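The values are calculated or read from the model by the stated rules, or taken from the named source; none is laboratory data. Keep in mind that what you see is a predicted model, and the values were worked out from it rather than measured. Cβ coordinates were reconstructed from backbone atoms using ideal geometry, including for glycine residues, and neighbour counts include every protein chain displayed. All accessible areas refer to the heavy atoms of the entire protein, side chains included, with ligands and DNA or RNA removed. Shrake-Rupley method; radii C 1.70, N 1.55, O 1.52, S 1.80 Å.
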Amino acid sequence: MTSPTYALYRSRLETYFDRTAADQWEQLTSDAPVSRVRATVRAGRDRMRQTLLSWLPRDLAGARILDAGCGTGALAVAAARRGAQVVAIDVAGSLVEIARNRAPSDVTIDWRVGDMLAPDLGRFDHVVAMDSLIHYPAFETADVVRELAERTGGSILFTFAPSTPALRLMHAAGKLFPRADRSPAIVPVQSRLLRALIHGALPSARIGRQQRIASGFYTSEAIEVRPA
């Protein structure tokens, strides 16, 4: 069971996206013009999405995939186009509504508002959590991965914010930008600590590929975990 800290962080994210940032994220994830700062974030997110998708099997026909923290739905749509049965969930109902409205009519996706750890979601072949765990400390992130592993047969692909001097400096500097250019609170995590925590929580799991994407004010690191 996840800690009260996880629930607290999740509640803050729900408040941020539903009450403060839905319009900004709708713009960021579209083709609309954005500021230079947000343009670097958009480019970084695009690269990260393609990286995670490339780690999934090319043929996803019949595979059940959880897009954990689906946001406005770009990854969910891409996976569904490759034949996956996608459940896309996010704590922010405003983002799920944008995703549902944007989704092309030729794909079928089970859009949901709620917690990615809800037990009624069932089992999955693969779970992808792109930039939805970057707001949690290392211990809570490892707990989430452990709970997801209990219902995942293939791989768990997720991202975290690597703790680097450059990233810490950029986020400190980011407080000087207009509010529309700011990200929600991101918690830098040391890669070595996170890997150790995952090994401790899932001793028989295998940690596979790992890749960092840096694009201006976007820095995120992807990691692959394969439960036993």
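Of the residues PRO188, PRO227, which is in contact with a helix residue (DSSP H, G or I) (Cβ under 8 Å, 6 or more places away or on another chain), modelled with pLDDT under 95 and either open to solvent by less than 60 Å² (accessible area, probe 1.4 Å) or charged (D, E, K, R) (or both)? Going through PRO188, PRO227 in turn, the sole match is PRO188. Could you tell me which of the residues ALA79, ALA63, ALA68 is more than 18 Å from the chain's Cα centre (by Cα) and closer than 24 Å to ILE207 by Cα? The unique qualifying residue is ALA63. Please find, among ARG45, ARG64, ARG49, the residue that is in contact with a Ser or Thr (Cβ under 9 Å, 6 or more places away or on another chain), among the charged types (D, E, K, R) and closer than 24 Å to VAL144 by Cα. After ruling out the rest, the residue left standing is ARG45. One residue alone among ARG100, ARG45 is farther than 25 Å from GLU224 by Cβ and among the charged types (D, E, K, R), and that residue is ARG100. For segment 170-184, the condition holds for no residue, the condition being that it is in contact with a strand residue (DSSP E or B) (Cβ under 6 Å, 6 or more places away or on another chain), aromatic (Phe, Trp, Tyr) and either modelled with pLDDT under 95 or open to solvent by less than 40 Å² (accessible area, probe 1.4 Å) (or both). Here ASP120 fulfils each of the conditions (1) open to solvent by 60 Å² or more (accessible area, probe 1.4 Å); (2) of a type outside the set (S, T, N, Q); (3) modelled with pLDDT under 95 apart from (3). Just one of the numbered conditions (1) open to solvent by 30 Å² or more (accessible area, probe 1.4 Å); (2) in contact with a helix residue (DSSP H, G or I) (Cβ under 6 Å, 6 or more places away or on another chain); (3) in contact (Cβ under 8 Å) with a residue 40 or more places away in the chain is not true of PHE139; which one? PHE139 satisfies all of (1) open to solvent by 30 Å² or more (accessible area, probe 1.4 Å); (2) in contact with a helix residue (DSSP H, G or I) (Cβ under 6 Å, 6 or more places away or on another chain); (3) in contact (Cβ under 8 Å) with a residue 40 or more places away in the chain except (2).
Within segment 106-125, residues that are without any contact (Cβ under 8 Å) to a residue 40 or more places away in the chain and on the phi < 0 side of the Ramachandran plot sit with their Cβ atoms under 6 Å from residues that are among the aliphatic types (A, V, I, L, M) and assigned to a strand (DSSP E or B), at 6+ positions apart or across chains, in these pairs: ILE109/VAL86; ILE109/ALA88; ASP110/VAL87; ARG112/ILE89. Does at least one position in segment 67-77 carry a residue that is surrounded by 14 or more Cβ atoms within 10 Å (Cβ to Cβ), within 17 Å of TYR218 (Cα to Cα) and out of contact with any His (no Cβ under 6 Å at 6 or more places or on another chain)? Scanning segment 67-77 turns up at least one residue that is surrounded by 14 or more Cβ atoms within 10 Å (Cβ to Cβ), within 17 Å of TYR218 (Cα to Cα) and out of contact with any His (no Cβ under 6 Å at 6 or more places or on another chain).
Strands (runs of 3 or more DSSP E) fully within segment 43-153 that include at least 2 residues being in contact with a Phe, Trp or Tyr (Cβ under 9 Å, 6 or more places away or on another chain): 64-68, 85-90, 124-129.
Can LEU56 be described as within 18 Å of ASP125 (Cβ to Cβ) and buried (at least 20 other Cβ atoms within 10 Å of the Cβ)? When the stated conditions are applied, LEU56 passes them. Out of THR51, THR20, THR108, THR40, one residue alone is polar (S, T, N, Q), open to solvent by 20 Å² or more (accessible area, probe 1.4 Å) and within 21 Å of TYR136 (Cβ to Cβ). It is THR20.
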